[in-house]
Amino acid sequence: MRAHALVSCALGTLLIGCATSTPGLSPEAVEAEPDTDHLCQLFHSAHEVQTTMPNAQKDMAVIRAELIRRAATTPSEWELTDAGNIQTGMHRCIVFALFGAPTITSMNGPITVYAFQSGDNVTFKDGVVAAFTVVNPR
């Protein structure tokens, strides 16, 4: 749990300044974040701490709206993610929203394999999920 609190504090520092109780993310601050994959990872971090951080659900909504606006994710991908599911054809960003930042990345031409702290592995071909192994179903 400490790691999630640190990630949330880092999120706060990055976008709004870290404090014991942050006012939440503004749509303008989220829109200003240039790294879409990072926003997806921040969504995951907010999801992990939503029971202990009062603004996490609001932050998740702000991040989700921005990712949809950027066309980085689709509404149908969010439906699957909300249910804790993954399927072939999903975008990398939505996988980061589900699993967080990968701990290991292996690239070979158009194929990229990400391993996550949960033990789950996802293989991408040309930027979309081609195969996956889920060790810990959500």
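Derivation of every value follows stated rules applied to the coordinates shown; laboratory data play no part. The model shown is predicted, which means the values in this text are computed figures rather than measured ones. All Cβ positions, glycine included, derive from the backbone under ideal geometry; neighbour counts span all protein chains shown.
Before moving on, here are some points about what is shown:
- Inverse of mean 1/r across different Cα pairs in the stretch 87-133, Kirkwood, Å: 10.3
- Normalising the average separation of contacting C-alpha pairs (under 8 angstrom, six or more residues apart) by the number of residues puts the relative contact order of the stretch 87-133 at 38 percent.
- With the biggest extent put first, the Cα atoms of the stretch 45-102 measure 33, 22, 20 Å across the principal axes.
- Charge tally in the Cβ shell below 10 Å around Thr112, where Lys, Arg are +1 and Asp, Glu are -1, Thr112 excluded: +1
- The stretch 32-110, relative contact order in percent, only Cα pairs under 8 angstrom and at least six apart counted: 39
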